[in-house]
Amino acid sequence: MKSAPTQFDVKQSQGEGRVQVTRSFTLQSAVHSSGAVAYVFLLPSLVFLAVFTLWPIVSVIWSSFRARQGREQVFVALQNYERLFTDPIIQQVLKNTLFYVTAGVGFAVIGGLLLALLLNQGLRNIGFFRFPFLATIALPMVSVASIWLFLYSPRVGLFNEILAGLGLPLSNWLNGRELALPALFVVYLWKQLGYFALFYLAALQALPVDVLEAAKLDGITLWQQLRFIIWPLVSPTTYFVSTISVLGALQQIDHVFVLTTGGPNNATNMSLFYVYEQGFKYFNIGTASAMTVILLAVLMTMAILQFVYLERRVHYD
């Protein structure tokens, strides 16, 4: 397809002539004009997204409506979902996960901010004091769990040695139903608290110094400064920390595997560890898939609530 010819005036040495130049739409110009190049570059990412994200989601949803009978997988409709809300073991798993999420968000926001305020003090050699809190970020959770497994040991563990030195009764930290889940959460908190504090520390160091100095000159107390100045200014960091803490709490499996394997009597069993057990240990693909769908629904719901509710309360200026 050709466009209307365009004329250009050309002066020659022996006279003045007129040259007619015809412009045509080439394949390259058509591709650029239609934006097809963008889709060509996006194609590898779209294929990767479809193969490794969209297709697994569709496959999990389909598997959640099936169950194993003998060597075959048969369609059982909503039976797997009915089991999720009636099985007492699954209810215990969901309660443990809910505790991890709520406590994890609370300690991530409050504990991370307080630790960052402590580490942000302009003291001499403050970097030496920051190191023990921030060094845990580089440690894998499996290594952390192995360290705490020794600390929780009922015979040679450090904690029981301290209790014995104080004349107090010893405790079976990981085998007691009342203490197992809090003891497990302490390991997670010890590993992640420095990670959350690092974001708050960066936010505190970016605060306008003149505003804080003016507040001090006006006689504002430390609590008022924290509540009315620092807290609103670090709200973007709070929004980010709360989001990643929810995701991190729902993904905990490695330290559960190392420390308790979900015991005693499912007192420390978490949702992702339950999916692992049902899918790869007992080969109950339908139950594992149904639990995975529930987790996906919870994640999507919490993400929507965070984007809709918390985003409006974040101050970026």
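GNM on the chain, alpha-carbon springs under 10 angstrom: the most fluctuating residue among Lys281, Lys191, Lys95 is Lys281. In this calculation the C-beta distance from Glu161 to Phe129 is compared with R0 = 22 Å, giving a FRET efficiency of 0.25. Positive-end ranking of Ala290, Phe150, Tyr239 along the dipole of the chain, with charges on Cβ about the Cα centre, is headed by Ala290.
Heavy-atom surface analysis with a 1.4 Å probe gives the chain a carbon and sulfur content of 67 percent of its accessible area.
Shape verdict for the chain, please, from the Cα gyration tensor: rounded (a/c under 1.5), prolate (a/b greater than b/c) or oblate. Verdict is oblate for the chain. Heavy-atom accessible area, probed at 1.4 angstrom with all protein chains present, ranks Ser245, Ser146, Ser171 as Ser146, Ser171, Ser245, highest first. Inter-part distance, region 244-278 to region 151-203, computed on C-alpha centroids, equals 17 Å. Assuming a ≥ b ≥ c are the square roots of the Cα gyration tensor eigenvalues, decide whether region 155-285 counts as rounded (a/c under 1.5), prolate (otherwise, with a/b larger than b/c) or oblate. Oblate, since a/c reaches 1.5 and b/c is not below a/b. With 0.36 nm allotted per residue and the present C-alpha distance subtracted, the Ile220-Val51 stretch has 55.2 nm of extension available. Shape verdict for region 41-174, please, from the Cα gyration tensor: rounded (a/c under 1.5), prolate (a/b greater than b/c) or oblate. Judged from the Cα gyration tensor, region 41-174 comes out oblate (a/c at least 1.5, b/c at or above a/b). Protein-only accessible surface at a 1.4 angstrom probe places the residues Thr97, Thr301 in the order Thr301, Thr97, largest first. Give me the tail of P(r) for region 215-317 as a percent: Cα-Cα pairs with distance above 21 Å. For region 215-317, the share of Cα pairs beyond 21 Å comes to 55 percent. Using C-alpha pairs below 8 Å separated by at least 6 residues, the relative contact order for the chain is 24 percent. Accessible surface area normalised per residue over the chain is 64 Å², counting heavy atoms of protein chains with a 1.4 Å rolling probe.
Accessible-area rank, largest first, for Asp87, Asp218: Asp218, Asp87, with all protein chains present and a 1.4 angstrom probe.
In order along region 233-246, the phi-based Karplus estimate (6.51 cos²θ - 1.76 cosθ + 1.60, θ = phi - 60°) of 3J(HN,Hα) comes to 6, 9, 4, x, 5, 4, 4, 5, 5, 5, 5, 6, 5, 5 Hz; Gly and Pro are listed as x.
Near the amide H of Arg66, within less than 5 Å, lie the amide hydrogens of Val76, all on another chain or at least 5 residues away, with H placed in the peptide plane.
Amide H contacts under 5 Å for Ser153: Leu158, restricted to partners 5 or more places along the chain or on a different chain, H placed in the peptide plane at 1.01 Å from N. Residues of the chain were split at every exposed loop site, defined as chymotrypsin sites (Phe, Trp or Tyr not before Pro) in a DSSP loop with at most 16 other C-beta atoms within 10 angstrom, and the longest piece left, sites excluded, is 86-281.
The values are calculated or read from the model by the stated rules, or taken from the named source; none is laboratory data. These figures come from a predicted structure and were not determined experimentally. All Cβ positions, glycine included, derive from the backbone under ideal geometry; neighbour counts span all protein chains shown. Protein only, heavy atoms only, side chains kept; ligands, DNA and RNA dropped before computing areas. Shrake-Rupley method; radii C 1.70, N 1.55, O 1.52, S 1.80 Å.
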